[in-house]
1. In region A:151-166, what residues drop by 20 Å² or more of accessible area when the other protein chains are put back, versus the chain on its own? Use 1.4 Å, and skip ligands and nucleic acids.
2. Averaged per residue, what accessible surface does the protein assembly as shown expose to a 1.4 Å probe, in Å²?
3. Tally the DSSP beta bridges in chain B and give the antiparallel ones as a percent, rounded to 5.
4. For the pair B:ILE296 and A:LEU132, what calculated FRET efficiency results from E = 1/(1 + (r/R0)^6), where r is the Cβ-Cβ distance and R0 = 56 Å, to the nearest 0.05?
5. Hey, any idea what % of region A:109-247's accessible area is carbon plus sulfur with a 1.4 Å probe?
6. Expressed as a whole percentage, what fraction of the accessible surface of region B:216-359 belongs to carbon and sulfur atoms when a 1.4 Å probe is rolled over the protein heavy atoms?
7. I need the peptides B:307-315, A:225-233, A:33-41 ranked by packing, meaning the mean over residues of other C-beta atoms within 10 angstrom, with the highest value on top.
8. Hey, got a sec? Which trypsin sites (Lys or Arg not before Pro) in region B:150-193 land in a DSSP loop and have at most 14 other Cβ atoms within 10 Å?
Amino acid sequence: MQACSLRVLDRDASNRLIYADVLSQAVSGELVGMLNYASMVALCPSAAEQQEAIADAESERRHALAFRAVARDLGVPLVEDPRARYWRRLREAFQRQVAAGDFLACLVVQELMLESLAVSMYRAVAEATDGLMARTFGTIALDEESHLEHAVTTLRAACELDRVGFETRTERLHGEVMTVIAEMVAPRCSSGPCGVCAERCVKESLGDIGLSAPVLRGKALRLYLQSLDRVGVRGEKSLRWVANLPA
Amino acid sequence: MGREPARVNGVEFALLGHQESWPRISSIVHALRDPDRPRLAEEDVRQVASWIPPRTLVRSRVSSIANGRSARGVYIETFVAPDELEARAFHRAIEKVREAVTCAAREGAQIAALGGFTSIVLEGRPELAEAPEGLALTTGNSLTSALIVKGVEAAAGLLGIGLSHASLLVVGSTGDIGSACAGYFATKVRRLLLSARNAERLRRQEDSLRRSGVDATASTDLRPLLRAADVVVCAASLAAPALEIDECRPGALVCDAGYPKNLRPANHRRGAPHVFWGGMGQCTGGWESDSPLLDIFYSFPAARVAHGCLLEGVALALERRFESFSQGRGRITPERIEEIWEIASRHGIVLAPLFGPDGLWPTTPADPADWIPFLA
């Protein structure tokens, strides 16, 4: 009986470490989102949109705080590093669009590409966990969906105005950003530690908490493609883009 | 969720299909992948492909042989994976079919043909795929049935098998296509053999045919029927090939019309049954596409060949009959078979040259137009 209890304790302790890595990725991602929205303010074409971008940055900051609270509740430490390998590359890709003064490109990167990733991941974590962790991921997933919806509405109008131009721009952004996301969500990290997981790569242990790296990747790509479809990008175009992503 | 993107003008028909094997899906992915990218392992393709939402792969213009009429359409890949054809994945597959129908509507199609597995939503439970306004859905089963029965008649003629003296077995006889074939051949063969998995439906079918004076024998035990049949039509909905060709009588004519195929691959041997893939048609009027992808997943031994279920959508679009020609189960009468056969023939959609696991039948006329007088 005692041995059984110890095994349960070991399992709980080990799962808490996995949750810690998942939360570390989530907080780092939210901080990148916060920085991205803050960078967008200067590009916003109107005062109303500037306020909206500031509110979005604040919303991402609150998400990070909520994830921190979950970590505190679990009693696990977090690694918060928006400069870690993948997050830094994603942030740099975003900053290139800011430097080019391309507001629409910023929307595509932050609200369509990064939020598709966030929404699909958060939904999956909410389904696989329970208690405060499930509630927090579930609530934030809903919040991020509203960013995705905003992007779909705005970008659809842009796509209807000039579909070929929009597709060309999005294809370039896909190459810059989705390649990094594909590496990040690949079932195995082949090029060493990402800088956010505390010890070994969390992908290897996701099965212990009812998640799976290939399924998470599949769900992220699915939501991304569905979002592009809703914007009006031709399906055969976006399929070709996805087919060219790294394994 | 907000409104959907505006419909694209000009598309009249949508063909909804799925692939029967992972190597075929892998070949599509690699055809889309730049040649300088490293090749993906099949496992990597499997992990991603089944998550891809249905989408247009190819845009085509099909020309009729009548009055130079043409129709524009799209092929929509549902990405229903080969292992999602199993019953346990039914709901996921149905969801993909629904998404594919939405995709067809977004393209502005006026008619969508649901090929292969995707048609089951219209056969058994049409409520599962409600057609958006302005889009007619058809299973394509009427033209598939027509191409099967005309193919059997042509092949029997080539082999010197007199159908009026033959025993003809329909495997999957209570399904939509199987019952259409049984109804068509009921008065044309000496004895009709019927096999299906649902014993109750099978018994009702047998009773009904016998009451009409047909010499019909039904059984859920397929093996003895296979040994007794001169001609076999395989039209069962199977997730993967499950029938052994060796069970058939030597020299028998076997038409495998399954999508996916019913027959397991077998080595050719002397005196073996004569097998052809049934339900296949050919567009003789012309088929231009914006991508070579169609040639990859329709890699048949003759040009412009496709499944009858999809060609029904093309034929109806060329005829400007944007209607749900085939829906439900058991409604395809011999008269409906002749009607769709006439429509298709009028626009140059004819029986494909006979081919099977070993390629084109050596006795098939080289020019598909030669089939028309032969079948008239």
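1. SASA drop of 20 Å² or more in region A:151-166: A:ARG156, A:GLU160, A:ARG163.
2. 41
3. Working: 19 of 52 bridges.
The antiparallel fraction comes to roughly 35 percent.
4. According to the calculation, E is roughly 0.65.
5. That fraction is 54 percent.
6. On the way: 2680 of 5690 Å².
That fraction is 47 percent.
7. Highest-to-lowest ranking by the protection proxy: B:307-315, A:225-233, A:33-41.
8. The qualifying sites are B:ARG190.
The values are calculated or read from the model by the stated rules, or taken from the named source; none is laboratory data. All of these numbers come straight from a predicted model, not from anything done at the bench. Don't worry about glycine lacking a Cβ; one is built from the backbone with ideal geometry, like all the others, and counts go over all protein chains shown. Quick note on the areas: whole protein, heavy atoms, side chains included, nothing else; ligands and nucleic acids left out. Shrake-Rupley method; radii C 1.70, N 1.55, O 1.52, S 1.80 Å.
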